[in-house]
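This report concerns only the one structure given below.
The values are calculated or read from the model by the stated rules, or taken from the named source; none is laboratory data. Because the structure is predicted, anything quoted here is derived from the model rather than measured. Here the Cβ is made from the backbone with ideal geometry for all residues, glycine too, and neighbour counts use every protein chain on show.
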């Protein structure tokens with residue numbers, strides 16, 4: 001029997017614990033944005049780096065159908081606990097890496113599974129417990145727990161690597177993951193209560209194939225490609241050009257997103273999520289174009305600002321639309337698919353953009369990413385109005 005979780009405020013115990021767990025696990029995760037620097041030291045080229053990033057993403061994608069089943073039938077808290085334990089083991093394993101080989105690929109696979117379990121379950125818990133009338137705003141505020149680590153992870157890596165080496169950075173990641181596991185262990189089951197005679201949740205494929213959800217997968221994938229471009233290659237961009245730093249870009253990026261959510265997080269719920277989506281996507285596209293032509297730290301900061309402002313709204317808007325269009329009994333599967341889009345963006349985008357980069361330049365690679373976002377957004381606009389005129 002499911003116990004209902006009260007949807008009243010955004011300061012419930014479940015929301016606060018999930019926020020803390022997501023922040024701490026995210027801090028560990030985003031510190032690994034510096035990993036391409038170590039891989040370069042070990043002799044990896046851009047394509048190999050893209051494949052290693054894609055390996056983690058492929059494992060995360062493969063895990064999603066099982067996650068949807070686990071969350072909808074056995075509870076979100078079960079997935080959080082298992083994912084937390086695996087994340088701690090993974091962070092410990094990076095300390096053993098000495099060269100690029102089978103062991104590193106195995107660690108990347110395990111890392112992808114842990115990331116999928118935590119990211120999916122924690123965001124599903126947030127969607128379960130925020131007030132329905134303020135769902136987009138609630139998810140946006142919860143998302144701050146992921147944006148703060150994006151900033152701090154880059155800065156943390158800069159500080160540690162300026163004074164020590166990657167081994168010390170991985171120890172810090174291990175500590176953050178362990179603290180995140182402690183927060184997540186106390187989370188309750190937040191599944192919406194179901195009627196006793198309600199049918200069981202449909203299969204994962206049946207859920208994600210619903211016509212009203214399909215356009216969201218397309219635009220979400222475009223958003224994921226944009227994120228993949230700088231998550232995967234900004235570190236090597238800095239090393240290659242000497243312009244900016246990880247800390248500068250991701251600090252401006254995350255602070256811009258956090259401030260916009262805190263001050264104007266209510267806007268999408270007020271004017272309608274679909275109406276707010278277009279300007280947010282446009283901001284990300286312009287940010288990528290600015291990064292493509294960046295020749296100074298100021299340009300890098302402006303790019304981070306624009307991409308961060310776009311991210312601030314795109315993610316919670318799409319999350320809210322997924323939750324609204326899916327039935328409560330299939331919410332876990334729908335959100336598992338939505339979060340999988342970001343891994344799909346890394347899986348497809350990292351090797352693809354890495355290949356573009358090897359054959360051209362950073363400006364062309366970032367411009368290509370911007371073009372892909374535009375194509376997905378245009379496809380979404382026409383498709384979504386046909387299958388869901390009301391939004």
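Would you tally the residues in the stretch 25-47 being surrounded by fewer than 24 Cβ atoms within 10 Å (Cβ to Cβ) and over 21 Å from residue 344 (Cα atoms)?
Qualifying residue count for the region: 9.
What is the residue count in the stretch 189-206 for residues that are within 26 Å of residue 15 (Cα to Cα) and either modelled with pLDDT of 80 or more or more than 23 Å from the chain's Cα centre (by Cα) (or both)?
The number of residues fulfilling the criteria is 5.
Can you name the condition, by its number, that residue 241 falls short on among (1) crowded, with 18+ Cβ neighbours inside 10 Å; (2) more than 21 Å from the chain's Cα centre (by Cα)?
(1)
For the stretch 368-391, name all the residues that are assigned to a loop (DSSP other than H, G, I, E, B) and surrounded by fewer than 13 Cβ atoms within 10 Å (Cβ to Cβ).
389, 390
Sort out which residues of the stretch 353-367 are free of Cβ contacts under 8 Å to residues at least 40 places away in the same chain and surrounded by 15 or more Cβ atoms within 10 Å (Cβ to Cβ), and write them in order of number.
Once the filter is applied, which keeps residues that are free of Cβ contacts under 8 Å to residues at least 40 places away in the same chain and surrounded by 15 or more Cβ atoms within 10 Å (Cβ to Cβ), the stretch 353-367 yields only 356.
What are the residues in the stretch 241-265 that are in contact (Cβ under 8 Å) with a residue 24 or more places away in the chain and within 20 Å of residue 357 (Cβ to Cβ), if any?
241, 243, 244, 245, 246, 249, 250
Of the residues 50, 54, only one is modelled with pLDDT under 80, buried (at least 23 other Cβ atoms within 10 Å of the Cβ), more than 17 Å from residue 237 (Cα to Cα) and in contact with a helix residue (DSSP H, G or I) (Cβ under 8 Å, 6 or more places away or on another chain); which?
Unique residue meeting the criteria: 54.
Limited to the stretch 272-285, what total is found for residues that are buried (at least 17 other Cβ atoms within 10 Å of the Cβ) and in contact (Cβ under 8 Å) with a residue 40 or more places away in the chain?
7
Do we have residue 68 as out of contact with any helix residue (DSSP H, G or I) (no Cβ under 9 Å at 6 or more places or on another chain) and farther than 20 Å from residue 246 by Cα here?
No, not satisfied.
Considering the stretch 36-50 alone, what residues qualify as being in contact (Cβ under 8 Å) with a residue 12 or more places away in the chain and either outside any helix (DSSP H, G or I) or more than 18 Å from residue 357 (Cα to Cα) (or both)?
Of everything in the stretch 36-50, those that are in contact (Cβ under 8 Å) with a residue 12 or more places away in the chain and either outside any helix (DSSP H, G or I) or more than 18 Å from residue 357 (Cα to Cα) (or both) turn out to be 38, 42, 43, 44, 45.
Could you tell me whether residue 117 is within 23 Å of residue 58 (Cα to Cα), out of contact with any strand residue (DSSP E or B) (no Cβ under 6 Å at 6 or more places or on another chain) and modelled with pLDDT under 85?
no
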